[in-house]
Each structure stands twice: as C-alpha cells, then as structure tokens.
Amino acid sequence: DAKTTQPPSMDCAEGRAANLPCNHSTISGNEYVYWYRQIHSQGPQYIIHGLKNNETNEMASLIITEDRKSSTLILPHATLRDTAVYYCIVRAPNTGGFKTIFGAGTRLFVKA
Amino acid sequence: NAGVTQTPKFQVLKTGQSMTLQCAQDMNHEYMSWYRQDPGMGLRLIHYSVGAGITDQGEVPNGYNVSRSTTEDFPLRLLSAAPSQTSVYFCASSQSRGVDGYTFGSGTRLTVV
C-alpha cells in the first residue's frame, strides 16, 4: 500500500470549514483513499473514501485531485466535537491491500 | 449492535506473564487485524487475517501470536509480556472484497509492570 503524508496538526475555528490535506503521490490506480478519525483514546472511526471522484456523506466531503496524488477532507462546519486525530490511508480493497499502514495523522484542534 | 467487541477493556500484567486479548465481530467480515497504539503515536499493524485459518505478520509482530479458527474471532496472544508491550490495542475488521472501510473495536488498554 502507498504511504501518505499529512501535517502533524491544524487549528480550526468552530463553525468554519476544516480542510485537512493528504499527500499520496505514489498511489496506484486501484487504490482508494480512506479517511478515519480517532477521538481521544477511542477506536478509529471510518469517515469517507473515494477513488477519483469527489465524495460527500453526512460527515464530510472528500476532494481528490485529478492526478490523484493528493486529497483534502473537508468538515464543512467544524464543531468542538470534531477535535480528533484524522488519518488518511490508501488501500486497494478489491485486490488485497491487507497490510494497511496508518501514519501519525493530523491532530485537528477546533477552537471556540 | 453489530460491531467489533474487544475484551478486556483494561488489563495489568506482570513482566513474563502471558495473556490473550479477545476480538470478536458479528458482521461476517473475512478480514481482521490487530493494531497497537503507543501514547501520542499512530497505529502500528501487528498481525492480520484474511479468513479462517489464514494469518500473516504486520509491522510489529514480535512477541505476539494469532490464530483464526473461526470467521468471528481473532485472539491476540502475548507470549511473555514485556514493559515495551504497554500500549492500547485495537482490533479491526472489514470485508476482504469491496470498498467498505474498517470497523474498529473500542480497544484494550494494557499495562505491563
């Protein structure tokens, strides 16, 4: 599985959009981009995934660049409860990709 | 509720003791894995399994054993606990095929003294 690079930490004002970047320049054609978050010491929670099109669900939006070498997770109206560590990973779910590596993620601080 | 159940939630061991961390899922997922998370760090893959009877090593397998006799269960065994194994352990599962994300358990916090 390809490796990803994320900034170690970011701040965001409550009510504003939080834009979390991820670089995955060595991504393969069959690898999806996944985002998870971990609130305090709870188990990580799946947020969203995508292949090459932008995706949106009730939690967030995922924007993937046309060359697929980077992506951005967008929390449109961040709340204090969105303070967490956010992990970006790439994985090829249909052909294995079982050795999924999580990096250190981005620690997002949402401030009142 | 469907999901991944880990037991125990907390455990204190003495150096040299052995124990088994339990992980069970009721979603009929083929893929299961174990991660450890040290304070302030990301997740590191210990072992994983793509189905009953099939296991493989992750990034940090030393000191741990796994087996997968059923689809539902994937226990992690510490053979001889060491202080360096003090960590929070998370179990995760997913379909092997398809694009669903992983479902994680709530973790086991292990302290080795």
So if I check each of A:32, A:87, which one is at pLDDT 95 or above, of a type outside the set (A, V, I, L, M) and crowded, with 18+ Cβ neighbours inside 10 Å? A:87
What single numbered condition from (1) part of a loop (DSSP other than H, G, I, E, B); (2) touching a Leu at 6+ places or on another chain (Cβ under 7 Å); (3) under 28 Å from residue A:31 (Cβ atoms) fails to hold for residue B:71? (2)
Failed condition for residue B:31, given (1) more than 19 Å from residue B:108 (Cα to Cα); (2) without any contact (Cβ under 8 Å) to a residue 40 or more places away in the chain, with all others met? (2)
If you check A:17, A:60, which single one turns out to be more than 26 Å from residue B:38 (Cα to Cα) and surrounded by 16 or more Cβ atoms within 10 Å (Cβ to Cβ)? A:60
Within region A:91-108, is there a residue that is out of contact with any Lys or Arg (no Cβ under 7 Å at 6 or more places or on another chain), part of a strand (DSSP E or B) and more than 12 Å from every other protein chain (Cβ to nearest Cβ)? yes
Would region A:38-57 turn up any residue that is assigned to a loop (DSSP other than H, G, I, E, B), of a type in the set (Lys, Arg), more than 10 Å from chain B (Cβ to nearest Cβ) and touching a residue at least 12 places away in the same chain (Cβ under 8 Å)? yes
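Rundown of residues vs (1) among the basic types (Lys, Arg); (2) in contact with a Ser or Thr (Cβ under 6 Å, 6 or more places away or on another chain); (3) assigned to a loop (DSSP other than H, G, I, E, B), yes/no style:
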residue: B:6; (1), (2), (3): no, yes, no
residue: B:16; (1), (2), (3): no, yes, yes
residue: B:21; (1), (2), (3): no, yes, no
residue: B:34; (1), (2), (3): no, no, no
residue: B:39; (1), (2), (3): no, no, yes
residue: B:50; (1), (2), (3): no, yes, no
residue: B:77; (1), (2), (3): yes, yes, no
residue: B:93; (1), (2), (3): no, yes, no
residue: B:97; (1), (2), (3): yes, no, yes
Contact list please: Cβ distance under 6 Å, first residue in region B:89-113 and free of Cβ contacts under 8 Å to residues at least 24 places away in the same chain and within 7 Å of chain A (Cβ to nearest Cβ), second residue of a type in the set (Lys, Arg) and part of a loop (DSSP other than H, G, I, E, B), pairs at least six apart or on different chains. none
Quick test of your reading of the structure: residue A:65 fulfils all but one of (1) under 14 Å from residue A:44 (Cα atoms); (2) hydroxyl-bearing (Ser, Thr, Tyr); (3) at pLDDT 95 or above. Name the failing condition by number. (1)
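The values are calculated or read from the model by the stated rules, or taken from the named source; none is laboratory data. Please read all numbers here as calculations on a predicted model, not as lab measurements. Every residue, glycine among them, receives a Cβ derived from its backbone with ideal geometry; neighbour counts consider all protein chains shown.
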